[in-house]
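Just so it is clear, none of the values below were taken in a lab; they were calculated from the coordinates. Worth saying up front: this structure is predicted, and the values here are computed from it rather than measured. No Cβ is skipped: glycine too gets one built from the backbone with ideal geometry, and neighbour counts run over all protein chains shown.
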Amino acid sequence: MLNVTATITIDPAELEEVFVPASGPGGQHVNKVSTAVQLRFDARHSPSLPDAVRERLARLAGRRLTADGVIVISARRFRSQLRNRADARERLLDLIRRAAEAPARRQKRAPSRAAKMRRQEQKRRRAAVKALRRVRMEEA
């Protein structure tokens, strides 16, 4: 089991890993070995995720989320298949951890006395500027 938080664990059977050839340096070795990893996690149908976390995860995943609700993470940073696999899993866990944090609720606050005074002063200044622009008719 992969521990995401104290309350969320993911069964490794929910993860699908496909190894593909990686681009970049490596000489002939890069043509023989598939070291890059594509990790797929079906977030929409995962029994491990609460609904609130699933919704935040969909927003956080962005372009990594397919239309079917599958998160695809590509890892090709390292030349080793094992290190790329660990990197992809850690990135998925980090994404889910960030989605598991509930956003802080906004506290409603009344404006301070100083803020009210600044606002009134700005309104007075603006009114004075506009008053200077008015055209006054000469009284005969």
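Restricting the range 66-90 to residues that are small (G, A, S) and touching a residue at least 40 places away in the same chain (Cβ under 8 Å), which is farthest from D51 (Cα to Cα)?
Here the answer is S80.
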So in the range 44-73, with the set limited to residues that are among the small types (G, A, S) and surrounded by fewer than 17 Cβ atoms within 10 Å (Cβ to Cβ), which one is nearest to E14 (Cα to Cα)?
G69
What pairs can you find where one residue is in the range 6-23 and without any contact (Cβ under 8 Å) to a residue 24 or more places away in the chain and surrounded by 11 or more Cβ atoms within 10 Å (Cβ to Cβ), the other is in a helix (DSSP H, G or I) and among the β-branched types (V, I, T), and their Cβ atoms are less than 8 Å apart, with a gap of 6+ or different chains?
P21/V30
Extreme residue, nearest to T7 (Cα to Cα), among residues of the range 44-61 that are in a helix (DSSP H, G or I) and not small (G, A, S):
V53
